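K.L.:
Please find one structure pasted underneath; my questions will follow.
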Amino acid sequence: KRHLISAADLTRDDALLILDTADELAKISERSIKKLPTLRGRTVVNLFFEDSTRTRISFEAAAKRLSADVINFSAKGSSVSKGESLKDTALTLEAMGADAVVIRHGASGAPHRLAGWVRGSVVNAGDGTHEHPTQALLDAFTMRRRLGPLDGRKITIVGDVLHSRVARSNVLLLATLGAEVTLVAPPTLFPVQVDSWPCEVSYDLDAVLPKSDVVMMLRVQRERMNAAFFPTEREYSRRYGLDRDRVAKMPDHAIVMHPGPMNRGMEIAAEVADSPRSTIVEQVANGVTARMAVLYLLLGGADLGGEI
Ligand code: CP
């Protein structure tokens, strides 16, 4: 495959190849080998029209660890402020010889459009409320490292599903990997098309927690929200926040995840986010490895020395 735009584009074999490649890359990095020559001479452009901390930095770190040249483009401070279109911006980058363009954009579908304009690979780093496939890959990678194969595992994803590209990509990828996903949210924070997603739906977090191997909390995206649809912060935390008492209802082996950035004290209590069950910091580290695997496979990097 040339692009990674949606988790739905990945077959089970594709997804397992990326996760297995990430495992091999993690083993190499555990041997204190910080940099591989595999993408030497290739150029990766990070094209970010929306703010990001984790995704932007981890794509940059991933490309650099594979010895690619990296160009970071942020819409703030660029000619986008003068009205330059996505297409013209893309063609400018194309002229600079981008082998891969990693794009985050506020408009759902922007990476798909971009793929029609550039010759290089396009990687979706989050488009509107649509998808964030590398987040789902790093989440699956983290779950596999903690819990083993995901077939039959029960994954609960909780919160603002309506605005969450992370939830959609996770549901699609986890179903492909054989996991059983349940989404939990207030009725106003589910998208209307959720009935067609390959998952269960619940409004009752306390009923689902004892059956969960993974509880993934989502950020409440107030910036994308009409105040009329949102319960008060206290009411939301009381019904859907993950605090110490709720964690006590989870099985002993179950883990707590959050893609970040977090609203501490709202969807997740600070003591839960910082507890040994939380994989939140691990997810960030695994993000670099998972994105290395994606870039390596899309750009057809040189052999890792018999590792794969
Ligand atoms: N999880 C995630 O996408 O974080 P950023 O918005 O900081 O990239």
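The values are calculated or read from the model by the stated rules, or taken from the named source; none is laboratory data. Note that the structure is a prediction, hence the values are computed from the model and not measured. Note: ideal-geometry Cβ built from the backbone for every residue, glycine included; neighbour counts use all protein chains shown.
K.L.:
Look at Leu173 and say whether it is part of a helix (DSSP H, G or I) and modelled with pLDDT of 95 or more.
P.N.:
Taking the combined requirement at face value, the residue satisfies it.
K.L.:
What's the total number of residues in the stretch 265-283 that are surrounded by 14 or more Cβ atoms within 10 Å (Cβ to Cβ) and within 15 Å of the ligand (Cβ to nearest atom)?
P.N.:
The number of residues fulfilling the criteria is 8.
K.L.:
Grab the helices (runs of 4 or more DSSP H) fully contained in the stretch 210-274, keeping just those with 2 or more residues being modelled with pLDDT under 90.
P.N.:
Ranges flagged: 233-240.
K.L.:
For Val294, all conditions in the list (1) within 23 Å of the chain's Cα centre (by Cα); (2) in the same structural domain as His163 (by TED's automatic domain parsing); (3) part of a helix (DSSP H, G or I) hold save one; what is the number of the exception?
P.N.:
(2)
K.L.:
Of all the residues that make up the stretch 57-90, how many are touching a residue at least 60 places away in the same chain (Cβ under 8 Å) and surrounded by fewer than 21 Cβ atoms within 10 Å (Cβ to Cβ)?
P.N.:
Total satisfying the criteria: 1.
K.L.:
Output the residues belonging to the stretch 92-109 that are more than 26 Å from the chain's Cα centre (by Cα) and either among the polar types (S, T, N, Q) or within 23 Å of Thr55 (Cα to Cα) (or both).
P.N.:
Correct list: Thr92, Met96, Gly97.
K.L.:
Filter the stretch 57-67 down to residues that are of a type in the set (Gly, Ala, Ser) and touching a helix residue (DSSP H, G or I) at 6+ places or on another chain (Cβ under 7 Å) and give me whichever is nearest to the ligand (Cβ to nearest atom).
P.N.:
Within the stretch 57-67, the match that is nearest to the ligand (Cβ to nearest atom) is Ser58.
K.L.:
Next question, about the same structure. What residue, among those in the stretch 68-95 that are away from the ligand (no atom under 16 Å from the Cβ) and charged (D, E, K, R), is nearest to Ala26 (Cα to Cα)?
P.N.:
Applying the filter and picking the extreme gives Asp69.
K.L.:
Which of the residues that make up the stretch 172-184 are free of Cβ contacts under 8 Å to residues at least 60 places away in the same chain and under 17 Å from Thr129 (Cα atoms)?
P.N.:
Leu183 - this is the single residue of the stretch 172-184 that is free of Cβ contacts under 8 Å to residues at least 60 places away in the same chain and under 17 Å from Thr129 (Cα atoms).
K.L.:
Condition first: within 13 Å of the ligand (Cβ to nearest atom), surrounded by fewer than 18 Cβ atoms within 10 Å (Cβ to Cβ) and either part of a strand (DSSP E or B) or of a type outside the set (Lys, Arg) (or both). Can you find one or more residues in the stretch 112-127 that meet it?
P.N.:
No, because not a single residue in the stretch 112-127 is within 13 Å of the ligand (Cβ to nearest atom), surrounded by fewer than 18 Cβ atoms within 10 Å (Cβ to Cβ) and either part of a strand (DSSP E or B) or of a type outside the set (Lys, Arg) (or both).
K.L.:
Do we have Arg145 as more than 22 Å from Leu299 (Cα to Cα) and either more than 13 Å from the ligand (Cβ to nearest atom) or part of a helix (DSSP H, G or I) (or both) here?
P.N.:
Yes, satisfied.
K.L.:
Let me ask something else. Of all residues in the stretch 176-199, which are part of a helix (DSSP H, G or I) and surrounded by fewer than 19 Cβ atoms within 10 Å (Cβ to Cβ)?
P.N.:
Passing the criteria: Pro187, Thr188, Val192, Gln193, Val194, Asp195, Ser196.
K.L.:
Restricting the stretch 36-56 to residues that are surrounded by fewer than 20 Cβ atoms within 10 Å (Cβ to Cβ) and of a type in the set (S, T, N, Q), which is farthest from the ligand (Cβ to nearest atom)?
P.N.:
Filtering the stretch 36-56 for residues that are surrounded by fewer than 20 Cβ atoms within 10 Å (Cβ to Cβ) and of a type in the set (S, T, N, Q), the one farthest from the ligand (Cβ to nearest atom) comes out as Thr43.
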